[in-house]
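The structure appears below as structure tokens.
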Amino acid sequence: MTYETILVEQRDAVTLITLNRPQALNALNSDVLADLSAAFAAFDADPGQRCAVLTGSGEKAFAAGADIKEMVEKDAADFFLQDFFSGWQTGVVATRKPWIAAVQGFALGGGCELAMMADFIIAGDTAKFGQPEIKLGVAPGMGGSQRLTRAVGKAKAMEMCLTGRMMDAAEAERAGLVSRIVPAADLLDEALKTAATIAALPPMAAMVNKEMVNIAFETGLSQGILTERRLFQILTATEDRKEGMTAFIEKRQGVWKGR
Ligand code: CO8
């Protein structure tokens, strides 16, 4: 499959997806959404692929937002009738296998929102996160007001959305927006290494762990704990569970079937 706006390569069981509009700081337009949706669907469907990394081309930006030039001429009816931005939920968030955002430079507006759709973010030390939509007379539309608030709490999310202030990598780590910071030069290697670690573990268990943590985001504690227990019980039926426990007792590495 060929793509216009992204690059996709497979490195063993890890899919590397690179946003590739450096001339527009990887701004996210409809073509990017279509390409990403197809790439994530292909990744999910390929039993040989177990974890993905999404990054931006160029050192300056992960993505500087939704493409303002694409949106400027649309009117409210266009946005409503096209259910604008809904495709990010179905095309990207719906990915069932784990994926990591490797963020260097600007992750602004839709770029910050896209990074937050990942299962976690590893940041280069040049990363800057922000929701500057208010400066355009709008507000986040791809989940940013919700995911940012859950990630960093009301005070910081409110300040960022109301002022457009950017958060640097160190602040983002302290606030819990990113899992860790690495030197920008090492970002891709570190993200790929982390993805390879995940890819080497039992894949169904990885999908279930992802689903469990996401449920903590969306339900109350009692419902979340019940759902966790049920998912755990389902996972005990897999061949990989038997293999994992047997391999531990036999002091050897597990060999995973993915079921
Ligand atoms: N959309 C389209 N093009 C962009 C975007 C973007 N979000 N960001 C940067 N570009 C383009 C620039 O227009 C420029 O193109 P050209 O060379 O053709 O003029 C090129 O990328 C390089 O950008 P700059 O020259 O601006 O680079 P600087 O280093 O001077 O500045 C910044 C970098 C600070 C990142 C700056 O580009 C910037 O502020 N970008 C916009 C950030 C932003 O506001 N993002 C939020 C976008 S809105 C959104 O994500 C969600 C909902 C919005 C709804 C809007 C309805 C109308």
Residue among Pro22, Pro98, Pro183 with the largest mean-square fluctuation in a Gaussian network model of the chain, springs linking Cα atoms under 10 Å: Pro183
Share of carbon and sulfur in the accessible heavy-atom surface of the chain [1.4 Å probe, %]: 58 percent
Whole-angstrom Cα spans of the chain along principal axes, big to small: 62, 43, 39
Simple spin-label model, 7 Å along Cα-to-Cβ: Ala237 to Asp168 in nm? 5.2 nm
Please report, in debye to the nearest 20, how large the charge dipole of region 68-151 is about its Cα centre when each Lys and Arg carries +1 at its beta carbon and each Asp and Glu carries -1 there. 320 debye
Could you give the length gained by full extension between Ala41 and Met158, i.e. 0.36 nm per residue of separation minus their alpha carbon distance, to one decimal place? 38.8 nm
Percent relative contact order for the chain, counting Cα pairs under 8 Å at least six residues apart, stands at 16 percent
Name the most mobile residue of Ala170, Ala118, Ala63, meaning the one with the largest mean-square fluctuation, in a Gaussian network model of the chain with Cα contacts below 10 Å. Ala170
Along the charge dipole of the chain, which of Gly109, Phe120, Asn20 sits closest to the positive end, that is, farthest toward it, with unit charges on the beta carbon of Lys, Arg, Asp and Glu (+1, +1, -1, -1)? Phe120
Simple Cβ-charge dipole of region 115-214, Lys/Arg +1 and Asp/Glu -1, about Cα centre, in debye nearest 20: 360 debye
Taking springs between alpha-carbon atoms closer than 10 angstrom, which of Phe85, Phe62, Phe232 fluctuates most in the Gaussian network model of the chain? Phe232
When all protein chains stay in place, what accessible area (Å², nearest 10, 1.4 Å probe) is found for Ile134? 70 Å²
Accessible surface, region 112-259, averaged per residue in Å² (probe 1.4 Å): 57 Å²
Would you mind calculating the relative contact order of region 27-92 from Cα pairs under 8 angstrom and at least 6 residues apart, reporting the percent as a whole number? 57 percent
Flagged as over-length at 19 Å C-alpha distance, from Lys60/Lys128; Lys97/Lys257; Lys60/Lys156; Lys69/Lys135, the pairs are Lys60/Lys156
Relative contact order computed over region 144-259 (Cα-Cα under 8 Å; 6+ residues apart), in percent: 18 percent
Determine how large the accessible area of Lys135 is when every protein chain is in place; take a 1.4 Å probe and give Å² rounded to the nearest 10. 150 Å²
Relative to the Cα centre, what is the charge dipole magnitude of the chain, using +1 at the beta carbon of each Lys and Arg, -1 at the beta carbon of each Asp and Glu, and rounding to the nearest 20 debye? 920 debye
Using the charge dipole of the chain (Lys, Arg: +1 at Cβ; Asp, Glu: -1 at Cβ; taken about the Cα centre), state which of Ala41, Pro98, Thr238 has its Cα farthest towards the positive end. Thr238
Which one of Phe62, Met1, Val255 is farthest out on the positive end of the charge dipole of the chain, using unit charges on Cβ (Lys, Arg +1; Asp, Glu -1) and the Cα centre as origin? Val255
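The values are calculated or read from the model by the stated rules, or taken from the named source; none is laboratory data. Being a predicted model, the structure only gives us computed values, none of them experimental. Cβ sites come from the backbone with ideal geometry, for glycine too, and all protein chains shown count toward neighbours. Accessible surface is based on the protein model in full, side chains and every heavy atom, while ligands, DNA and RNA are left aside. Shrake-Rupley method; radii C 1.70, N 1.55, O 1.52, S 1.80 Å.
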